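**Student:** Pasting a structure here, questions to come.
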Amino acid sequence: MNLAANLSATAHRHPDRRALALGDDALAYAALDAASARVAGMLRARGLRPGDRVGVMLPNVPQFAMAYYGVLRMGGIVVPMNPLLKAREVEHYVSDSGAALVLDDASALPGDAEPDPRVAERAVDDTAVILYTSGTTGKPKGAELTHGNLARNAEVMRELISVTSDDVILGALPLFHSFGQTCGLNTAVATGACLALIPRFQPADVLALIERRRVTVFEGVPTMYAAMLHAERRDASSLRVCVSGGAALPLEILRGFEDAFGCVVLEGYGLSETSPVASFNRPALRKPGSIGTPVDGVEMRLLDPTPEGVGEIAIRGHNVMKGYWRNPDATRNAIDAGGWFRSGDLARVDEDGCYFIVDRKKELIIRGGYNVYPREIEEVIYEHPAVREAAVVGIPHPELGEEVGACVSLKNGAEAGEADVREFVRSQVAAYKYPRHVWFVDELPKGPTGKILKRAIEVPVEVAAR
(Lines give C-alpha, C1' and ligand atoms only; values in the text may rest on other atoms or scores of the structure.)
Protein backbone atom coordinates (compact mmCIF):
# COMPACT_ATOMS: atom_id res chain seq x y z
CA MET A 1 0.00 0.00 0.00
CA ASN A 2 1.57 3.27 -1.12
CA LEU A 3 -0.37 6.42 -1.99
CA ALA A 4 2.13 7.03 -4.80
CA ALA A 5 0.88 3.87 -6.54
CA ASN A 6 -2.22 5.83 -7.52
CA LEU A 7 -0.08 8.04 -9.74
CA SER A 8 1.66 5.12 -11.44
CA ALA A 9 -1.67 3.35 -12.01
CA THR A 10 -3.29 6.43 -13.50
CA ALA A 11 -0.24 7.13 -15.68
CA HIS A 12 -0.55 3.57 -17.02
CA ARG A 13 -4.27 4.01 -17.78
CA HIS A 14 -4.16 7.60 -19.07
CA PRO A 15 -0.54 8.41 -20.04
CA ASP A 16 -1.42 11.33 -22.29
CA ARG A 17 -4.17 12.92 -20.22
CA ARG A 18 -3.44 16.26 -18.58
CA ALA A 19 -2.53 15.78 -14.93
CA LEU A 20 -1.63 19.36 -14.05
CA ALA A 21 -2.12 22.69 -15.76
CA LEU A 22 -0.48 25.99 -14.84
CA GLY A 23 -0.90 29.06 -17.01
CA ASP A 24 -0.59 27.98 -20.63
CA ASP A 25 1.40 24.85 -19.75
CA ALA A 26 0.16 21.35 -18.99
CA LEU A 27 1.84 18.18 -17.75
CA ALA A 28 0.58 14.73 -18.78
CA TYR A 29 0.25 11.86 -16.32
CA ALA A 30 3.11 9.90 -17.89
CA ALA A 31 5.39 12.93 -17.51
CA LEU A 32 4.34 13.53 -13.89
CA ASP A 33 4.95 9.87 -13.06
CA ALA A 34 8.40 10.00 -14.68
CA ALA A 35 9.24 13.21 -12.80
CA SER A 36 8.27 11.62 -9.46
CA ALA A 37 10.50 8.65 -10.30
CA ARG A 38 13.39 11.05 -10.91
CA VAL A 39 12.79 12.74 -7.53
CA ALA A 40 12.71 9.30 -5.87
CA GLY A 41 15.98 8.44 -7.58
CA MET A 42 17.53 11.68 -6.37
CA LEU A 43 16.48 11.02 -2.78
CA ARG A 44 17.77 7.46 -2.82
CA ALA A 45 21.06 8.67 -4.34
CA ARG A 46 21.39 11.05 -1.37
CA GLY A 47 21.07 8.11 1.00
CA LEU A 48 17.51 8.62 2.17
CA ARG A 49 15.62 5.52 3.22
CA PRO A 50 11.96 4.57 3.75
CA GLY A 51 10.60 6.32 6.83
CA ASP A 52 12.85 9.37 6.45
CA ARG A 53 11.07 12.73 6.57
CA VAL A 54 11.38 15.21 3.73
CA GLY A 55 10.04 18.77 3.82
CA VAL A 56 8.21 20.03 0.74
CA MET A 57 8.07 23.82 0.81
CA LEU A 58 6.60 24.85 -2.53
CA PRO A 59 3.62 26.86 -3.79
CA ASN A 60 0.92 25.48 -6.10
CA VAL A 61 3.19 24.52 -9.00
CA PRO A 62 3.67 21.14 -10.74
CA GLN A 63 6.93 20.62 -8.83
CA PHE A 64 4.93 20.24 -5.61
CA ALA A 65 3.27 17.12 -7.02
CA MET A 66 6.60 15.83 -8.37
CA ALA A 67 8.18 16.19 -4.93
CA TYR A 68 5.15 14.89 -3.02
CA TYR A 69 4.81 11.66 -4.98
CA GLY A 70 8.56 11.30 -5.35
CA VAL A 71 9.05 11.28 -1.58
CA LEU A 72 6.18 8.81 -1.11
CA ARG A 73 7.46 6.68 -3.98
CA MET A 74 10.79 6.05 -2.26
CA GLY A 75 8.97 5.28 1.01
CA GLY A 76 9.63 8.61 2.68
CA ILE A 77 7.28 10.79 4.72
CA VAL A 78 6.22 14.17 3.33
CA VAL A 79 6.29 17.19 5.63
CA PRO A 80 4.31 19.86 3.71
CA MET A 81 5.34 23.42 4.57
CA ASN A 82 3.88 26.80 3.68
CA PRO A 83 6.46 28.61 1.50
CA LEU A 84 5.62 31.83 3.38
CA LEU A 85 6.94 30.46 6.67
CA LYS A 86 9.69 32.47 8.33
CA ALA A 87 13.02 31.04 9.51
CA ARG A 88 11.87 30.50 13.11
CA GLU A 89 8.79 28.58 11.93
CA VAL A 90 10.77 26.49 9.44
CA GLU A 91 13.20 25.59 12.21
CA HIS A 92 10.34 24.19 14.30
CA TYR A 93 8.94 22.10 11.43
CA VAL A 94 12.37 20.71 10.54
CA SER A 95 13.61 20.06 14.07
CA ASP A 96 10.33 18.59 15.31
CA SER A 97 9.88 16.26 12.33
CA GLY A 98 13.58 15.45 12.00
CA ALA A 99 13.41 16.16 8.28
CA ALA A 100 16.57 15.09 6.49
CA LEU A 101 16.01 17.44 3.59
CA VAL A 102 13.72 20.27 2.49
CA LEU A 103 12.71 20.57 -1.18
CA ASP A 104 12.07 24.28 -1.67
CA ASP A 105 13.48 25.13 -5.10
CA ALA A 106 11.01 24.48 -7.89
CA SER A 107 13.64 25.22 -10.54
CA ALA A 108 15.79 22.31 -9.28
CA LEU A 109 13.03 19.72 -9.60
CA PRO A 110 12.72 17.00 -10.72
CA GLY A 111 16.54 17.04 -10.92
CA ASP A 112 18.87 15.09 -13.15
CA ALA A 113 19.33 11.94 -11.08
CA GLU A 114 18.67 8.55 -12.58
CA PRO A 115 14.93 7.85 -12.26
CA ASP A 116 13.91 5.02 -9.94
CA PRO A 117 10.58 3.60 -11.16
CA ARG A 118 10.06 1.40 -8.09
CA VAL A 119 7.23 2.21 -5.67
CA ALA A 120 8.28 1.28 -2.16
CA GLU A 121 6.03 -1.13 -0.30
CA ARG A 122 4.33 0.53 2.65
CA ALA A 123 1.72 -0.72 5.11
CA VAL A 124 -1.75 0.82 5.31
CA ASP A 125 -0.93 2.29 8.72
CA ASP A 126 2.54 3.57 7.78
CA THR A 127 2.83 7.34 7.99
CA ALA A 128 2.71 9.08 4.61
CA VAL A 129 2.44 12.74 5.63
CA ILE A 130 3.11 14.74 8.79
CA LEU A 131 0.74 17.67 8.52
CA TYR A 132 1.34 20.43 11.05
CA THR A 133 -1.81 21.91 12.56
CA SER A 134 -2.39 25.64 12.77
CA GLY A 135 -1.14 25.89 16.32
CA THR A 136 -4.04 27.83 17.84
CA THR A 137 -3.06 26.59 21.30
CA GLY A 138 0.71 26.78 21.05
CA LYS A 139 3.34 25.45 18.66
CA PRO A 140 1.98 23.48 15.70
CA LYS A 141 1.69 19.73 16.25
CA GLY A 142 2.38 17.21 13.50
CA ALA A 143 -0.64 15.06 12.63
CA GLU A 144 0.53 11.69 11.28
CA LEU A 145 -1.65 10.77 8.31
CA THR A 146 -1.17 7.28 6.95
CA HIS A 147 -1.21 5.93 3.41
CA GLY A 148 -4.55 4.34 4.29
CA ASN A 149 -5.97 7.59 5.70
CA LEU A 150 -5.15 9.60 2.61
CA ALA A 151 -5.91 7.01 -0.07
CA ARG A 152 -9.33 6.20 1.42
CA ASN A 153 -10.22 9.87 1.95
CA ALA A 154 -9.41 10.68 -1.68
CA GLU A 155 -11.57 7.76 -2.79
CA VAL A 156 -14.41 8.98 -0.57
CA MET A 157 -14.13 12.45 -2.09
CA ARG A 158 -14.14 11.03 -5.61
CA GLU A 159 -17.37 9.16 -4.87
CA LEU A 160 -19.07 12.09 -3.10
CA ILE A 161 -18.81 14.47 -6.05
CA SER A 162 -18.60 11.83 -8.80
CA VAL A 163 -15.18 12.86 -10.15
CA THR A 164 -14.15 11.25 -13.46
CA SER A 165 -11.13 11.55 -15.73
CA ASP A 166 -13.06 14.15 -17.76
CA ASP A 167 -13.18 16.61 -14.86
CA VAL A 168 -11.04 19.70 -14.39
CA ILE A 169 -10.58 20.57 -10.71
CA LEU A 170 -9.42 24.07 -9.85
CA GLY A 171 -6.44 23.98 -7.49
CA ALA A 172 -6.77 27.29 -5.67
CA LEU A 173 -6.41 25.70 -2.23
CA PRO A 174 -2.81 25.39 -1.01
CA LEU A 175 -1.42 21.92 -1.69
CA PHE A 176 0.49 22.00 1.59
CA HIS A 177 -2.89 22.03 3.36
CA SER A 178 -5.03 18.92 3.87
CA PHE A 179 -8.06 20.29 1.97
CA GLY A 180 -6.12 21.06 -1.21
CA GLN A 181 -3.96 17.98 -0.90
CA THR A 182 -6.70 15.38 -0.46
CA CYS A 183 -9.69 16.90 -2.24
CA GLY A 184 -7.64 18.46 -5.02
CA LEU A 185 -4.35 16.70 -5.75
CA ASN A 186 -4.92 13.16 -4.46
CA THR A 187 -8.50 12.98 -5.74
CA ALA A 188 -7.48 14.18 -9.20
CA VAL A 189 -4.55 11.78 -9.41
CA ALA A 190 -6.55 8.77 -8.19
CA THR A 191 -9.15 9.48 -10.87
CA GLY A 192 -7.15 10.78 -13.81
CA ALA A 193 -8.74 14.23 -13.67
CA CYS A 194 -6.84 17.44 -14.43
CA LEU A 195 -5.86 19.77 -11.59
CA ALA A 196 -5.68 23.36 -12.87
CA LEU A 197 -3.28 25.14 -10.53
CA ILE A 198 -3.19 28.76 -9.48
CA PRO A 199 -0.34 29.77 -7.14
CA ARG A 200 -2.24 32.57 -5.38
CA PHE A 201 -5.95 33.14 -4.99
CA GLN A 202 -7.24 36.27 -6.65
CA PRO A 203 -10.97 36.20 -7.49
CA ALA A 204 -10.57 37.76 -10.95
CA ASP A 205 -7.76 35.32 -11.84
CA VAL A 206 -9.73 32.33 -10.58
CA LEU A 207 -12.84 33.27 -12.56
CA ALA A 208 -10.72 33.79 -15.67
CA LEU A 209 -9.15 30.35 -15.17
CA ILE A 210 -12.58 28.72 -14.77
CA GLU A 211 -13.59 30.24 -18.10
CA ARG A 212 -10.36 29.41 -19.94
CA ARG A 213 -9.83 25.85 -18.67
CA ARG A 214 -13.56 25.00 -18.54
CA VAL A 215 -13.24 24.03 -14.89
CA THR A 216 -15.93 21.62 -13.70
CA VAL A 217 -15.14 21.38 -9.97
CA PHE A 218 -14.26 24.30 -7.71
CA GLU A 219 -13.15 23.75 -4.12
CA GLY A 220 -12.68 26.61 -1.70
CA VAL A 221 -13.18 28.16 1.72
CA PRO A 222 -15.96 30.66 2.53
CA THR A 223 -13.84 33.77 2.00
CA MET A 224 -13.08 32.60 -1.55
CA TYR A 225 -16.78 32.26 -2.33
CA ALA A 226 -17.45 35.73 -0.90
CA ALA A 227 -14.64 37.27 -2.96
CA MET A 228 -15.79 35.60 -6.19
CA LEU A 229 -19.38 36.65 -5.55
CA HIS A 230 -18.31 40.29 -5.36
CA ALA A 231 -15.95 40.13 -8.39
CA GLU A 232 -16.74 40.89 -12.03
CA ARG A 233 -18.57 37.99 -13.65
CA ARG A 234 -16.99 35.63 -16.20
CA ASP A 235 -18.35 32.59 -18.03
CA ALA A 236 -18.53 29.90 -15.36
CA SER A 237 -21.08 27.70 -17.12
CA SER A 238 -18.66 24.74 -17.11
CA LEU A 239 -18.95 24.38 -13.31
CA ARG A 240 -21.02 21.37 -12.28
CA VAL A 241 -20.29 21.29 -8.54
CA CYS A 242 -18.56 23.42 -5.90
CA VAL A 243 -17.23 22.25 -2.53
CA SER A 244 -16.86 24.43 0.56
CA GLY A 245 -14.96 23.56 3.70
CA GLY A 246 -12.41 24.86 6.19
CA ALA A 247 -14.98 27.01 8.02
CA ALA A 248 -18.73 27.54 8.18
CA LEU A 249 -20.14 29.02 4.95
CA PRO A 250 -22.58 31.85 5.78
CA LEU A 251 -25.99 31.16 4.26
CA GLU A 252 -26.08 34.58 2.60
CA ILE A 253 -22.88 33.78 0.73
CA LEU A 254 -24.02 30.26 -0.23
CA ARG A 255 -27.36 31.44 -1.61
CA GLY A 256 -25.84 34.43 -3.35
CA PHE A 257 -23.14 32.32 -5.02
CA GLU A 258 -25.57 29.66 -6.21
CA ASP A 259 -27.91 32.30 -7.64
CA ALA A 260 -25.07 34.14 -9.38
CA PHE A 261 -23.24 31.12 -10.81
CA GLY A 262 -26.02 28.58 -11.22
CA CYS A 263 -23.95 25.89 -9.54
CA VAL A 264 -24.72 23.90 -6.40
CA VAL A 265 -22.34 24.35 -3.44
CA LEU A 266 -21.90 21.28 -1.23
CA GLU A 267 -20.54 21.98 2.22
CA GLY A 268 -18.35 19.48 4.03
CA TYR A 269 -16.45 19.30 7.27
CA GLY A 270 -13.14 17.99 8.46
CA LEU A 271 -9.83 18.74 10.13
CA SER A 272 -6.16 18.16 9.40
CA GLU A 273 -6.35 15.27 11.88
CA THR A 274 -9.14 13.60 9.85
CA SER A 275 -7.38 13.61 6.46
CA PRO A 276 -9.55 15.93 6.28
CA VAL A 277 -13.10 14.92 5.18
CA ALA A 278 -15.39 13.65 7.96
CA SER A 279 -18.89 14.68 6.84
CA PHE A 280 -20.48 16.00 3.68
CA ASN A 281 -23.74 17.15 2.14
CA ARG A 282 -24.95 14.69 -0.47
CA PRO A 283 -26.99 16.02 -3.40
CA ALA A 284 -29.82 13.70 -2.30
CA LEU A 285 -29.71 14.95 1.31
CA ARG A 286 -28.53 18.52 1.27
CA LYS A 287 -29.30 21.05 3.97
CA PRO A 288 -27.81 24.52 3.46
CA GLY A 289 -26.13 25.61 6.68
CA SER A 290 -25.29 22.05 7.72
CA ILE A 291 -22.09 20.05 7.26
CA GLY A 292 -24.10 17.03 6.18
CA THR A 293 -23.77 13.48 7.47
CA PRO A 294 -20.67 11.36 8.19
CA VAL A 295 -18.98 9.99 5.07
CA ASP A 296 -18.85 6.24 4.41
CA GLY A 297 -16.79 4.38 6.99
CA VAL A 298 -16.81 7.28 9.45
CA GLU A 299 -18.83 7.74 12.65
CA MET A 300 -19.63 11.00 14.41
CA ARG A 301 -21.30 11.70 17.74
CA LEU A 302 -21.76 14.57 20.20
CA LEU A 303 -19.96 14.53 23.53
CA ASP A 304 -21.48 16.04 26.68
CA PRO A 305 -24.51 17.58 24.96
CA THR A 306 -26.29 20.49 26.66
CA PRO A 307 -30.04 20.50 27.27
CA GLU A 308 -30.29 22.36 23.95
CA GLY A 309 -28.54 19.47 22.21
CA VAL A 310 -25.18 21.17 21.59
CA GLY A 311 -22.09 19.01 22.11
CA GLU A 312 -18.51 18.53 20.94
CA ILE A 313 -18.10 16.53 17.73
CA ALA A 314 -16.16 13.29 18.12
CA ILE A 315 -15.04 11.33 15.05
CA ARG A 316 -14.00 7.72 14.54
CA GLY A 317 -13.06 5.91 11.34
CA HIS A 318 -10.54 5.32 8.58
CA ASN A 319 -9.85 9.05 8.31
CA VAL A 320 -8.59 9.65 11.86
CA MET A 321 -4.86 10.28 12.12
CA LYS A 322 -2.42 7.82 13.62
CA GLY A 323 -1.54 10.39 16.28
CA TYR A 324 0.58 13.48 16.81
CA TRP A 325 4.20 12.97 15.79
CA ARG A 326 6.33 12.12 18.83
CA ASN A 327 3.73 13.64 21.16
CA PRO A 328 1.96 10.81 23.02
CA ASP A 329 0.43 13.14 25.62
CA ALA A 330 -1.26 15.27 22.97
CA THR A 331 -2.40 12.11 21.18
CA ARG A 332 -4.00 10.70 24.34
CA ASN A 333 -5.77 14.03 24.94
CA ALA A 334 -7.14 14.01 21.39
CA ILE A 335 -8.01 10.32 20.81
CA ASP A 336 -9.59 8.14 23.49
CA ALA A 337 -9.13 4.41 24.00
CA GLY A 338 -12.09 3.70 21.73
CA GLY A 339 -10.53 5.59 18.81
CA TRP A 340 -12.77 8.67 19.08
CA PHE A 341 -11.07 11.92 18.09
CA ARG A 342 -12.24 15.07 19.89
CA SER A 343 -12.62 17.83 17.32
CA GLY A 344 -13.07 20.88 19.53
CA ASP A 345 -16.07 21.88 17.40
CA LEU A 346 -19.53 22.34 18.87
CA ALA A 347 -22.56 21.17 16.90
CA ARG A 348 -26.11 19.90 17.04
CA VAL A 349 -27.65 17.10 14.99
CA ASP A 350 -31.16 16.95 13.52
CA GLU A 351 -33.62 14.12 12.98
CA ASP A 352 -32.01 13.23 9.60
CA GLY A 353 -28.55 12.87 11.12
CA CYS A 354 -27.30 16.15 9.60
CA TYR A 355 -24.82 18.04 11.74
CA PHE A 356 -24.90 21.81 12.19
CA ILE A 357 -21.73 23.49 13.46
CA VAL A 358 -22.46 25.93 16.25
CA ASP A 359 -18.90 27.06 16.85
CA ARG A 360 -15.41 26.19 17.91
CA LYS A 361 -15.37 25.10 21.55
CA LYS A 362 -12.49 27.48 22.22
CA GLU A 363 -14.31 30.38 20.52
CA LEU A 364 -17.45 30.07 22.60
CA ILE A 365 -18.20 33.38 24.36
CA ILE A 366 -19.63 33.15 27.88
CA ARG A 367 -21.25 36.49 28.67
CA GLY A 368 -22.58 36.78 32.22
CA GLY A 369 -23.10 33.02 32.37
CA TYR A 370 -24.90 32.82 29.02
CA ASN A 371 -23.39 31.00 26.04
CA VAL A 372 -23.01 33.08 22.89
CA TYR A 373 -22.04 31.16 19.74
CA PRO A 374 -20.13 33.52 17.41
CA ARG A 375 -21.28 31.79 14.24
CA GLU A 376 -24.94 32.51 15.02
CA ILE A 377 -24.18 36.23 15.36
CA GLU A 378 -21.97 36.25 12.27
CA GLU A 379 -24.79 34.77 10.19
CA VAL A 380 -26.96 37.75 11.17
CA ILE A 381 -24.22 40.31 10.48
CA TYR A 382 -23.66 38.85 6.99
CA GLU A 383 -27.29 39.66 6.21
CA HIS A 384 -26.54 43.39 6.55
CA PRO A 385 -26.37 44.72 2.97
CA ALA A 386 -23.16 46.69 3.56
CA VAL A 387 -21.13 43.86 5.13
CA ARG A 388 -18.54 41.89 3.19
CA GLU A 389 -16.90 39.89 6.01
CA ALA A 390 -17.35 39.61 9.76
CA ALA A 391 -15.91 37.82 12.76
CA VAL A 392 -17.36 37.79 16.27
CA VAL A 393 -14.95 37.47 19.20
CA GLY A 394 -15.04 37.66 22.96
CA ILE A 395 -13.60 40.70 24.72
CA PRO A 396 -12.58 40.40 28.40
CA HIS A 397 -15.00 42.17 30.74
CA PRO A 398 -14.44 42.73 34.49
CA GLU A 399 -18.03 41.91 35.51
CA LEU A 400 -19.51 39.77 32.75
CA GLY A 401 -16.41 37.72 32.07
CA GLU A 402 -16.65 38.39 28.34
CA GLU A 403 -18.41 40.88 26.11
CA VAL A 404 -19.40 40.28 22.49
CA GLY A 405 -17.42 42.16 19.84
CA ALA A 406 -17.65 42.18 16.04
CA CYS A 407 -14.84 42.97 13.60
CA VAL A 408 -16.34 43.92 10.23
CA SER A 409 -15.18 44.80 6.73
CA LEU A 410 -17.55 46.51 4.31
CA LYS A 411 -18.23 46.01 0.62
CA ASN A 412 -16.52 48.44 -1.73
CA GLY A 413 -18.40 51.73 -1.75
CA ALA A 414 -20.75 50.68 1.08
CA GLU A 415 -21.22 52.70 4.24
CA ALA A 416 -22.31 51.65 7.72
CA GLY A 417 -21.52 52.78 11.24
CA GLU A 418 -21.03 50.94 14.50
CA ALA A 419 -24.58 51.73 15.63
CA ASP A 420 -26.02 50.55 12.29
CA VAL A 421 -24.52 47.09 12.61
CA ARG A 422 -25.17 46.82 16.34
CA GLU A 423 -28.83 47.73 16.04
CA PHE A 424 -29.29 45.50 12.99
CA VAL A 425 -28.17 42.49 15.03
CA ARG A 426 -29.94 43.64 18.19
CA SER A 427 -33.28 43.53 16.40
CA GLN A 428 -32.85 39.84 15.56
CA VAL A 429 -31.23 38.12 18.56
CA ALA A 430 -31.65 37.92 22.32
CA ALA A 431 -30.43 40.91 24.29
CA TYR A 432 -27.39 39.11 25.72
CA LYS A 433 -26.12 38.08 22.27
CA TYR A 434 -25.76 41.20 20.17
CA PRO A 435 -22.29 42.81 19.87
CA ARG A 436 -21.88 45.81 22.15
CA HIS A 437 -18.66 46.64 20.31
CA VAL A 438 -18.30 46.88 16.53
CA TRP A 439 -15.19 48.06 14.72
CA PHE A 440 -14.23 48.18 11.07
CA VAL A 441 -11.14 47.03 9.17
CA ASP A 442 -10.22 47.01 5.49
CA GLU A 443 -9.47 43.30 5.54
CA LEU A 444 -9.84 40.58 8.17
CA PRO A 445 -6.69 38.54 8.86
CA LYS A 446 -6.60 35.20 7.05
CA GLY A 447 -4.56 32.02 7.06
CA PRO A 448 -2.96 30.33 4.04
CA THR A 449 -6.26 28.80 2.85
CA GLY A 450 -8.11 32.10 3.15
CA LYS A 451 -9.81 31.13 6.41
CA ILE A 452 -10.41 34.05 8.80
CA LEU A 453 -7.98 33.86 11.71
CA LYS A 454 -9.81 35.02 14.81
CA ARG A 455 -6.71 34.70 16.96
CA ALA A 456 -5.03 37.36 14.80
CA ILE A 457 -7.85 39.89 15.15
CA GLU A 458 -6.72 42.92 17.13
CA VAL A 459 -9.25 44.59 19.36
CA PRO A 460 -8.72 48.39 19.21
CA VAL A 461 -7.45 49.88 22.45
CA GLU A 462 -10.42 52.20 22.72
CA VAL A 463 -12.80 49.23 22.38
CA ALA A 464 -10.99 47.09 24.94
CA ALA A 465 -10.94 50.01 27.39
CA ARG A 466 -14.71 50.57 27.35
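**Student:** Which of the numbered conditions does residue 297 fail, given that it passes all the others? Conditions: (1) out of contact with any His (no Cβ under 8 Å at 6 or more places or on another chain); (2) touching a residue at least 24 places away in the same chain (Cβ under 8 Å).
**Tutor:** The failed condition is (1).
So that you can scan it fast, the table gives a plain yes or no per residue for (1) in contact with a Gly (Cβ under 6 Å, 6 or more places away or on another chain); (2) buried (at least 20 other Cβ atoms within 10 Å of the Cβ); (3) modelled with pLDDT of 95 or more; (4) under 27 Å from residue 444 (Cα atoms):
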| site | (1), (2), (3), (4) |
| --- | --- |
| 187 | no, yes, yes, no |
| 192 | no, yes, yes, no |
| 237 | no, no, yes, no |
| 242 | no, yes, yes, yes |
| 253 | no, yes, no, yes |
| 260 | no, no, yes, yes |
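**Student:** Please go through segment 80-113 and give me each residue that is open to solvent by less than 40 Å² (accessible area, probe 1.4 Å), more than 25 Å from the chain's Cα centre (by Cα) and within 19 Å of residue 33 (Cα to Cα), ordered by number.
**Tutor:** 109, 110, 111, 113
**Student:** Within segment 35-124, which strands (runs of 3 or more DSSP E) (wholly inside it) include 2 or more residues that are without any contact (Cβ under 8 Å) to a residue 60 or more places away in the chain and among the aliphatic types (A, V, I, L, M)?
**Tutor:** 77-80, 101-103
**Student:** Another question, if that's okay. Would you mind telling me which numbered condition in (1) over 20 Å from residue 182 (Cα atoms); (2) at pLDDT below 95 residue 97 fails?
**Tutor:** (2)
**Student:** Go through 435, 460 for me and flag whichever is over 27 Å from the mean Cα position of the chain (by Cα) and within 22 Å of residue 251 (Cα to Cα).
**Tutor:** 435
**Student:** Let me ask you something else. Which condition number in (1) under 16 Å from residue 245 (Cα atoms); (2) in contact (Cβ under 8 Å) with a residue 40 or more places away in the chain; (3) open to solvent by 20 Å² or more (accessible area, probe 1.4 Å) is the one that residue 158 fails?
**Tutor:** With respect to (1) under 16 Å from residue 245 (Cα atoms); (2) in contact (Cβ under 8 Å) with a residue 40 or more places away in the chain; (3) open to solvent by 20 Å² or more (accessible area, probe 1.4 Å), residue 158 is out only on (2).
**Student:** Is it the case that residue 347 is over 18 Å from the mean Cα position of the chain (by Cα) and closer than 22 Å to residue 370 by Cβ?
**Tutor:** When the stated conditions are applied, residue 347 passes them.
**Student:** Within segment 298-326, which residues are open to solvent by less than 50 Å² (accessible area, probe 1.4 Å) and more than 13 Å from residue 361 (Cβ to Cβ)?
**Tutor:** If we filter segment 298-326 for residues that are open to solvent by less than 50 Å² (accessible area, probe 1.4 Å), which is where we start, we get 298, 300, 302-303, 306, 309-315, 317-321, 323-325.
Within segment 298-326, 298, 300, 309, 315, 317, 318, 319, 320, 321, 323, 324, 325 meet the criteria.
**Student:** Being in a helix (DSSP H, G or I), under 27 Å from the mean Cα position of the chain (by Cα) and not charged (D, E, K, R) is the filter here, so list the residues in segment 12-34 that pass it.
**Tutor:** Going through segment 12-34, the residues in a helix (DSSP H, G or I) turn out to be 12-13, 29-34.
Applying the additional criterion that residues be under 27 Å from the mean Cα position of the chain (by Cα) yields 29, 32-33.
Result: 29, 32.
**Student:** Go through (1) without any contact (Cβ under 8 Å) to a residue 12 or more places away in the chain; (2) open to solvent by less than 60 Å² (accessible area, probe 1.4 Å); (3) not basic (Lys, Arg) one by one and return the number of the condition residue 431 breaks.
**Tutor:** In the conditions (1) without any contact (Cβ under 8 Å) to a residue 12 or more places away in the chain; (2) open to solvent by less than 60 Å² (accessible area, probe 1.4 Å); (3) not basic (Lys, Arg), residue 431 misses (2) alone.
**Student:** Here is a follow-up. For segment 38-75, what are the residues that are in contact with a Phe, Trp or Tyr (Cβ under 9 Å, 6 or more places away or on another chain) and of a type in the set (A, V, I, L, M)?
**Tutor:** Those that are in contact with a Phe, Trp or Tyr (Cβ under 9 Å, 6 or more places away or on another chain) and of a type in the set (A, V, I, L, M): 39, 40, 56, 57, 58.
The values are calculated or read from the model by the stated rules, or taken from the named source; none is laboratory data. These figures come from a predicted structure and were not determined experimentally. All Cβ positions, even for glycine, are placed from backbone atoms using ideal geometry, and neighbour counts span all protein chains on display. These accessible areas exclude ligands, DNA and RNA; they are computed on the full protein's heavy atoms, side chains included. Shrake-Rupley method; radii C 1.70, N 1.55, O 1.52, S 1.80 Å.
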